[in-house]
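*Asks:* Take a look at the following structure, please.
The values are calculated or read from the model by the stated rules, or taken from the named source; none is laboratory data. On a predicted model such as this, the values are computed, not experimentally measured, just so you know. All Cβ positions, even for glycine, are placed from backbone atoms using ideal geometry, and neighbour counts span all protein chains on display. When the accessible area is computed, the model is the full protein with side chains, heavy atoms only, and any ligands, DNA or RNA have been set aside. Shrake-Rupley method; radii C 1.70, N 1.55, O 1.52, S 1.80 Å.
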Amino acid sequence: MPFKTDYIPLISNSPLTERQIMVWRFGTIGARPKAYVQASLHADEIPGMLVARHLGQLLYQADQQNQIIGEVVVVPVANPIGLGQFLNARLNGRYELGGAGNFNRHWPDLYSGLPDIVGHQLGQDGKKNIDIIRSALNQILNQSQAITEMGSLKLTLARLAYDSDIALDLHCDDEALVHLFLTPAHWPDASDLAAEIGSRANLLCADSGGQSFDESLSTPWLKLAADFPSLPIPAACLAVTIEHRGSADVNDPMAKQDAQAIFRFLQRRGLVKGNLGPLPSVLHQASDLAACDIVRAPIGGIVVYLKELGDVVSTGEPLAEIMNPASALPFAARTPVVSGTDGFVLSRRLEHFVRPNDTIAKIVGKVSLPHRNGLLLEDK
Ligand SMILES: [Zn+2]
């Protein structure tokens, strides 16, 4: 089936302000494997939209040459609501300004009700179980209703993605190295993606507590497998959040490189024809998200970094200082901000004036940290 662009209207919160989701469809609808890719759910994280555009060009050419075996659905602009949120001339796309919260939290709970629907249908055939579970997920989503624009956005995207074998959510951090978030059930399976994209950190978490988009797709399978330990229930949706470096890393060479990496990954996974050479080396063996220290500012002020991205730090070693620009004496002391683990600097803050408790950096360690419990993500 040829390439197709669809438009799906969202519920509007206000008269005459209807937004829509644009969907690129490559390959054959219903063919397997199916991949779903969406860009910039956090609408002010721009690199993903540029990567999606380059990926779309590669997929379009492959589609023209009948090289797409499965189905690839791409939503190149996942958050038109956030993309319209300019405040004081700056784009604010992480939280819905109307008060509906972080765009990547509290996604529809597809697990709720799932065991009751499938419990009596599941058997010893893992492939059949996948079909049964996908059908039940479809039923749950069909019965779900949204009444707000934000709810409509989530439900629309969830309906496009819920039955995919692979779901990639393209984000970025403030200043960062390329990294991935995914569940432990999909590692080392996803090391091909990590290797292709050159991921510098692969952070694993079974449930971060935030009900993010990727987890809303991957965790129902894992929870169901725990409910029915005697039955073969595969982790059938590999959902990964890709952090495409930092928000200022928006340029064609990087975006093209990342798009080509995703395209080669889809080829390796049998969605697109192509003979690839050996897989590059994985740059980072995965570590627990609970071993990633989120370093926060103890006080407000100007953050001055002592360490660069990728630098190795030890527990207790200062990686930044907070300077009080209003201290009475010009040589007043600075407050050191120290690492809570042995590891390396994965990300830093882009804006250097901070409030108490603002995130300063993420340090990737190897040992789970006792203070990292509850919500493991940076914010709600
Ligand atoms: Zn994000």
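*Asks:* Roughly how much of H120 is accessible, in Å² to the nearest 10, using a 1.4 Å probe?
*Replies:* 150 Å²
*Asks:* Picking from W221, H171, P76, whose Cα lies most toward the positive end of the charge dipole for the chain (charges on Cβ: Lys, Arg +1; Asp, Glu -1)?
*Replies:* In the chain, that residue is P76.
*Asks:* Please report the relative contact order for region 4-285, taking Cα pairs under 8 Å with a sequence separation of at least 6, and give it as a percent rounded to a whole number.
*Replies:* Values: 576 pairs, mean separation 71.0, N = 282.
Rounded, it is 25 percent for region 4-285.
*Asks:* Please report how far the C-alpha centroid of region 303-380 lies from that of region 199-269, rounded to the nearest whole angstrom.
*Replies:* Computed from Cα coordinates, the inter-centre distance equals 26 Å.
*Asks:* What figure, in Å² to the nearest 10, do you get for the accessible area of M254 with a 1.4 Å probe and non-protein molecules left out?
*Replies:* Ignoring ligands and nucleic acids, M254 comes out at about 60 Å².
*Asks:* Express in nm, to one decimal, how much length is gained between S12 and S314 on full extension, taking 0.36 nm for each residue of separation and deducting their alpha carbon distance. Don't jump to the answer; show the numbers that get you there.
*Replies:* Details: separation 302, 0.36 × 302 = 108.72 nm, distance 5.01 nm.
Roughly 103.7 nm would be gained on extension.
*Asks:* Helix 149-161: angle to the longest alpha-carbon principal axis of the chain, degrees 0 to 90, nearest 10?
*Replies:* Result, in degrees: 60.
*Asks:* Label-point separation (nm) for D358 and S230, each offset 7 Å from Cα along Cα-to-Cβ?
*Replies:* 5.6 nm
*Asks:* Let me check I've understood the local charge: for L10, count other residues with C-beta under 13 angstrom from its C-beta, Lys and Arg +1, Asp and Glu -1. What total comes out? Numbers along the way, then the final one.
*Replies:* On the way: positive: R19, K154, R159; negative: E18, E96, E149.
Around L10, the surrounding residues sum to 0.
*Asks:* Further question on the same structure: Whole-Hz ³J(HN,Hα) for each residue in region 192-200, computed from phi via Karplus 6.51 cos²θ - 1.76 cosθ + 1.60 with θ = phi - 60°, x for glycine and proline: what do you get?
*Replies:* Running phi through 6.51 cos²θ - 1.76 cosθ + 1.60 with θ = phi - 60° gives 5, 5, 4, 5, 4, 8, x, 4, 8 Hz.
*Asks:* Picking from V313, P9, H284, whose Cα lies most toward the positive end of the charge dipole for the chain (charges on Cβ: Lys, Arg +1; Asp, Glu -1)?
*Replies:* Checking the options against the dipole of the chain, the answer is P9.
*Asks:* Running a GNM on the chain with Cα contacts under 10 Å, which residue among E215, E243, E317 ends up with the highest mean-square fluctuation?
*Replies:* E317
*Asks:* 222 nm [θ] for the chain, helices only, -39500 (n - 2.57) per DSSP H run of 4+, per residue, to 500? All intermediate terms of the calculation are to be shown ahead of the outcome.
*Replies:* Numbers: 8 runs with 97 residues, N = 380.
Using -39500 (n - 2.57) per qualifying helix, the result is -8000 deg cm²/dmol.
*Asks:* With the dipole of the chain worked out from charges on the C-beta (+1 for Lys and Arg, -1 for Asp and Glu) around the Cα centre, which of S212, T335, I21 lies farthest toward the positive end?
*Replies:* Most positive-ward Cα: I21.
*Asks:* I've got another one for you. Along its three principal axes, how long is region 254-367 when you only count alpha carbons? Whole Å, largest extent first please.
*Replies:* Ordered largest first, region 254-367 gives principal extents of 67, 30, 19 Å.
*Asks:* Still on this structure, I have one more. What is region 192-332's relative contact order, in percent, from Cα pairs under 8 angstrom and six or more apart in sequence? Present the calculation step by step, with values, prior to reporting the outcome.
*Replies:* On the way: 114 pairs, mean separation 44.4, N = 141.
So the answer I get is 32 percent.
*Asks:* Using 0.36 nm times the number of residues separating N142 and L375, minus their current alpha carbon distance, what extension gain do you get?
*Replies:* Numbers: separation 233, 0.36 × 233 = 83.88 nm, distance 2.94 nm.
That pair, N142 and L375, stretches by 80.9 nm at full extension.
*Asks:* Here's another thing I want to ask about it. Highest GNM mean-square fluctuation, the chain, Cα pairs closer than 10 Å: which of L170, L180, L16?
*Replies:* The residue with the greatest mean-square fluctuation here is L16.
*Asks:* Based on the alpha-carbon set only, what is the convex hull volume of the chain divided per residue, in Å³? Walk me through the numbers on the way to the answer.
*Replies:* On the way: hull volume 58.1 nm³, N = 380.
Convex hull of Cα atoms, per residue: 153 Å³.
*Asks:* For the chain, with a Gaussian network of springs between Cα atoms less than 10 Å apart, report the residue from N66, N88, N142 with the top mean-square fluctuation.
*Replies:* Per the Cα network of the chain with a 10 Å cutoff, N88 tops the list.
*Asks:* Accessible area per residue of the chain at 1.4 Å probe, in Å²?
*Replies:* 44 Å²
*Asks:* Leaving out ligands, DNA and RNA but keeping every protein chain, what accessible area does K223 have, in Å² rounded to the nearest 10, with a 1.4 Å probe?
*Replies:* The accessible area of K223 comes to roughly 70 Å².
*Asks:* Another question, then. Between D125 and I29, what's the calculated FRET efficiency when r is the beta-carbon distance and R0 is 30 Å? Round to 0.05.
*Replies:* On the way: r = 25 Å, r/R0 = 0.83.
Efficiency at R0 = 30 Å is approximately 0.75.
*Asks:* OK, next. Which residues does the label zone of Q65 cover in region 276-295, counting backbone N under 13 Å from a point 7 Å along Cα→Cβ?
*Replies:* 276
*Asks:* Let me ask another. Grab the other residues whose beta carbon is less than 12 angstrom from that of D192, score K and R as +1, D and E as -1, and report the net. Could the numbers behind the result be given before it?
*Replies:* Numbers: positive: R264, R268, R269; negative: D189, E196.
That works out to +1.
*Asks:* If r is the Cβ-Cβ distance from R268 to S112 and R0 is 41 Å, what FRET efficiency results, to the nearest 0.05?
*Replies:* Working: r = 34 Å, r/R0 = 0.83.
Efficiency, rounded to the nearest 0.05: 0.75.
*Asks:* I've got another one for you. Over region 289-365, what relative contact order in percent results from Cα pairs under 8 Å that are six or more residues apart?
*Replies:* Numbers: 185 pairs, mean separation 34.2, N = 77.
With pairs under 8 Å counted, the relative contact order is 44 percent.
*Asks:* Let me ask something else. Nothing charged except the Cβ atoms of Lys and Arg (+1) and of Asp and Glu (-1): what's the magnitude of the dipole of the chain about its Cα centre? Round to the nearest 20 debye. Before the final figure, lay out the partial values.
*Replies:* Working: 32 positive and 40 negative charges, 89 e Å.
So the magnitude is around 420 debye.
*Asks:* Still on this structure, please answer the following. Go through D44, D288 and list them by solvent-accessible area, largest first, probe radius 1.4 Å. Write out the running numbers ahead of the final one.
*Replies:* Working: D44 50, D288 70 Å².
If we order D44, D288 from most to least accessible, we get D288, D44.
*Asks:* Let me ask you something else. So, with a 1.4 angstrom probe, what is the percent of accessible area on region 290-380 that is carbon and sulfur?
*Replies:* Numbers: 2750 of 4710 Å².
Result for region 290-380: 58 percent of the exposed heavy-atom area is carbon or sulfur.
*Asks:* Which pairs in the list K223/K256; K34/K127; K4/K154; K307/K380; K256/K307; K127/K154 are over 25 Å apart, alpha-carbon to alpha-carbon? Walk me through the numbers before you get to the answer.
*Replies:* Values: K223/K256 36 Å; K34/K127 15 Å; K4/K154 22 Å; K307/K380 27 Å; K256/K307 29 Å; K127/K154 28 Å.
Flagged as over cut-off: K223/K256; K307/K380; K256/K307; K127/K154.
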